[in-house]
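Encoded as structure tokens, the structure appears first; notes follow it.
The values are calculated or read from the model by the stated rules, or taken from the named source; none is laboratory data. None of these values were measured; they are calculated from a predicted model. Here Cβ is always computed from backbone atoms with ideal geometry, including for glycine, and neighbour counts include all displayed protein chains. Accessible surface areas use protein heavy atoms only, side chains included; no ligands, DNA or RNA. Shrake-Rupley method; radii C 1.70, N 1.55, O 1.52, S 1.80 Å.
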Amino acid sequence: SLKKLDFFKVKKYQEEGFKIFCVNSFIGDGTGLTFVPDYYVLSDPAFFGFFNELYENLGKEADKRIKEIKNNINALKNNKDIKLFVPIQYHRKLDMDNEIFYFNDIEYRWFNKNVSNIIYPRAYLSMTAYKALAIACFMGFKKIYISGFDNDYFKNITVDIENNLYYTNMHFKEQGDSKIRKVTHSEASNIAELLLGFSLLFEDLYGFPKDRIINLDKESLVDAFSKKHDLDVYK
């Protein structure tokens, strides 16, 4: 859904005082950026040198993805004004001069409703975009506009004759894992488990403060937040 935005219009709002949070591989290799994010959130272990999960999920394609991740890190190094938020368990894992803030990335769902205090364990699934949303809430922003919270991979799920599950990874920018991938048993052993996981992605968003968050994707399946606003940000 980020493709629906006009980044030049977004940049104008940034120049007027809005702050921009980005996550994961948005920065690419740092070239051709329309705007430089103010804050960046990283939480995937691969960004800190832990690649086992990538090799498990991507096989031979993992090396291409790892190269992209290293380009992302170098791009962040070259934009020293970007402030980073990183899980505390990765303290000192990034060799860069950017200002880095650390947060608690322990997931504890039982009897816990915490979504906005990044000092304590979180009550939602490990999605980097959700962590960025929690950080923005913690920092006290009065209005938080989100884009890219699509959660719609399930639209392209397929099942083969052996009952193996597949879906296409879709990203704003093409990445090494932007293709059909087999669902591993650690992720889900059947269609019911896979769809339940997607259901939890939507459910966890209901715990965030509705009065402060606005979804910029007018056609989004995410119904936890209002889509009504006066910003001129679309193409």
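At-a-glance table
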| read-out | value |
| --- | --- |
| Descending principal axes extents, the range 44-142, alpha-carbon based, whole Å | 41, 33, 23 |
| Under-5 Å amide H pairs with residue 86, H placed in peptide plane, nonlocal only | 101, 102, 103 |
| Principal axis box of the range 172-221, alpha-carbon based, largest edge first, Å | 38, 27, 17 |
| Within the range 188-235, chymotrypsin sites (Phe, Trp or Tyr not before Pro) in DSSP loop having at most 13 other beta-carbon neighbours inside 10 Å | 206 |
| D_trans [Stokes-Einstein, Kirkwood Rh over alpha-carbon pairs] for the range 1-95, 4 °C, 1.567 mPa s, µm² s⁻¹ | 89 |
| Karplus 3J(HN,Hα) series, Hz, for the range 115-126 with 6.51 cos²θ - 1.76 cosθ + 1.60 (x for Gly, Pro) | 10, 10, 9, 6, 7, 10, x, 8, 9, 10, 4, 7 |
| Amide hydrogen neighbours beyond the local backbone of residue 165, cut-off 5 Å, H modeled | 183 |
| The range 1-155, accessible area per residue, ligands and nucleic acids excluded (1.4 Å, Å²) | 56 |
| Entries of 19/67; 19/143; 142/210 with Cα pairs more than 20 Å apart | 19/67 |
| Carbon + sulfur, % of accessible area of the range 1-53 - ligands and nucleic acids excluded, 1.4 Å | 52 |
| Rounded Å value of the spacing that divides the Cα centres of the range 193-227 and the range 60-116 | 23 |
| Estimated Rh, the chain: Kirkwood, alpha-carbon pairs, angstrom | 18.9 |
| Vicinal HN-Hα couplings computed from phi for the range 149-164 (Karplus, 6.51 cos²θ - 1.76 cosθ + 1.60; Hz; Gly/Pro x) | 8, 6, 6, 10, 4, 4, 4, 10, 5, 10, 10, 8, 5, 8, 6, 6 |
| Relative contact order for the chain, counting Cα pairs under 8 Å that sit 6 or more residues apart, in percent | 20 |
| Kyte-Doolittle mean at least 0.0, axial Cα span of 18 Å or more - DSSP H helices of the chain | 191-205 |
| Net lengthening on full extension, residue 50/residue 168 (0.36 nm per residue, minus Cα-Cα) | 40.2 nm |
| Amide H partners (placed H, <5 Å) of residue 27, local residues excluded | none |
| Out-of-range pairs (alpha-carbon distance over 32 Å; input 11/227; 60/228; 131/235; 70/228; 12/93) | 60/228; 70/228; 12/93 |
| The range 97-153 - percent of accessible surface contributed by carbon and sulfur, probe 1.4 Å | 58 |
| For the range 119-235, radius of gyration divided by Kirkwood radius, i.e. Rg to Rh on alpha-carbons | 1.00 |
